[in-house]
Amino acid sequence: MAATGTSPLMREPTPEGRFGRFGGRFVPEALVPACQELESAFRSAWADPAFHDEYLGILRSNGRPTPVTECRRLSERLGVRVLLKREDLTHTGSHKINNVIGQALLTRRMGKTRVVAETGAGQHGVATATAAAMFGFECVIYMGEVDVERQALNVFRMRLLGADVVPVGSGSRTLKDAINEAFRDWVSSVETTHYLLGSVTGPHPYPWMIRELQRVIGDEARDQCRALLGGPDPDYVVACVGGGSNAAGTFAGFVDTAAHLIGVEPAGGAAVGRGIPGVVHGSLSQLLQDEHGQVLEAHSVSAGLDYPGVGPEHAHLADVGRARYVPAADAEVLDALGLLATTEGIIPALEPAHAVAWVVRAAGTDELPTGSTVLVTMSGRGDKDAEHVMRMLGPQ
Ligand SMILES: Cc1ncc(COP(=O)(O)O)c(C=O)c1O
């Protein structure tokens, strides 16, 4: 479906799945037909009003529309007007549910009965296990051993929901290794199985399709901000970037406005900021790698951002200067989490705490001048991270 407005940005990629010089479909031959099948299923579904009705109907019964919350005390403190788009209030506690419901409907449309997925923070895994239970699919979730440990609660939730959670012990034992395993499974089971990928990464059509499934965030937020602000758009729109799906969905709603688009990456995994072009997991994008092309390990306090690559459309938005990508360090992320909790009564997930951290750091500087209005996507709630944060901060 066409994007709103007249900007050529954040529309359909080229037939090869390119956004500028990034994107594409770099997969083993065995997966090319599966990607083509998915692309044509998505094209026909996205052009079908009945699909939209069903998709939006299910999202409505899972917490949409999410509100925009005005942060009065934090705004006073920082000298900028802070609004939060509350994806943390959706069923399962993060924006991941938007994408998963859409792909579950496509799985059914393609006549497949089994889904595999990767997960880092566990939120995509929980959302996938939830949808699998709703639709009656068999469900296998791959998760790095490190993440299994730091997101134990989500592992338990996935198992309660009936999913088979497979710990992955290779490489850095985090998200990128879980993705490798999910691809391996998909290659050998493609007849019955859909790979329900969790972010705007991977081969064409995933980055485009998942951005479209997440644009509901930005479209809602734009209308809600206009109503709340009496007309104008926010001056700044900020979202954290792991693979980049919550940021892509948010930016899609504002790309045709004058808002500055800011993606916040973890300092230890800043693929747009510090990466160089390379192919990972099926597409060409900015990637942390050494001079020999070996993928470098990302580090982030948050499992959901611990990924050395980024969705190709973000690499393109940075390339053409439409969005800016900035880092946030672990320590300032923990401070920002505490500040939002104590000023607003909202405990964010560690991932969106990165976006808040940038706002806190930049407020009152040339980067984010006093008096600006800033919308931050609160991509998920902090329950999943509570134990991990307690281990880092102590029981207070
Ligand atoms: C709450 C939350 N926000 C953000 C992310 C990062 O993903 P993306 O960059 O695709 O939005 C995750 C990933 O697990 C997450 O759980």
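The values are calculated or read from the model by the stated rules, or taken from the named source; none is laboratory data. Keep in mind that what you see is a predicted model, and the values were worked out from it rather than measured. Neighbour counts run over all protein chains shown; Cβ positions are idealised from the backbone, glycine included. The protein model used for the area step is the full one, side chains on, heavy atoms only, and it has no ligands, DNA or RNA in it. Shrake-Rupley method; radii C 1.70, N 1.55, O 1.52, S 1.80 Å.
Overall, the chain carries a charge dipole of about 600 debye about its Cα centre when +1 sits on the Cβ of Lys and Arg and -1 on the Cβ of Asp and Glu, all other atoms neutral.
Computed from Cα positions, the angle between helix 206-229 and the longest principal axis of the chain comes to roughly 30 degrees. Within the accessible surface of the range 12-162, defined with a 1.4 Å probe on protein heavy atoms only, the carbon and sulfur portion equals 53 percent. Distance between the 7 Å Cα→Cβ label points at residue 152 and residue 191: 4.1 nm.
Send over the semi-axes of the range 173-216's equivalent ellipsoid, whole angstrom and largest first, taken as the square roots of 5 times the C-alpha gyration tensor eigenvalues. Before the final figure, lay out each step's value.
Values: eigenvalues 81, 40, 12 Å².
Whole-Å semi-axes of the equivalent ellipsoid: 20, 14, 8.
For q = 0.22 Å⁻¹, what log10 I(q)/I(0) does the range 166-272 give under the Debye formula with an equal point scatterer on each alpha carbon and no solvent? Normalising to I(0) and taking log10 leaves -1.17.
Centre-to-centre, using Cα atoms only, the range 14-67 and the range 291-346 are separated by 25 Å. The angle between the Cα long axis of helix 175-189 and the longest principal axis of the Cα atoms of the chain comes to about 30 degrees, rounded to the nearest 10.
So what is the 222 nm mean residue ellipticity for the chain from helices alone, if each DSSP H run of at least 4 adds -39500 (n - 2.57) and you divide by all residues, rounding to the nearest 500 deg cm²/dmol? If you can, show how the numbers build up before the last one.
Working: 15 runs with 173 residues, N = 396.
Mean residue ellipticity at 222 nm (helix-derived): -13500 deg cm²/dmol.
Against the main long axis of the alpha-carbon atoms of the chain, helix 245-254 sits at an angle near 60°. About its Cα centre, the range 51-92 has a charge dipole of approximately 300 debye under the convention of +1 per Lys or Arg Cβ and -1 per Asp or Glu Cβ, with nothing else charged. Taking 10 °C and 1.306 mPa s as conditions, the range 44-160 diffuses translationally at an estimated 100 µm²/s according to Stokes-Einstein applied to its Kirkwood radius (Cα pairs). Only protein atoms count toward the accessible area here, which uses a 1.4 Å probe; on the range 257-350, the carbon and sulfur part of that area reaches 55 percent. Normalised by 2.2 N^0.38 Å, where N is the number of residues, the alpha-carbon radius of gyration of the chain equals 0.90. Relative to its residue count, the range 1-78 spans a Cα convex hull of 207 Å³ per residue. Under 26 Å Cα to Cα from residue 176, which lysines show up? Leave out anything in the same chain fewer than 8 places away. By straight Cα distance, residue 176 reaches 96, 112, 384.
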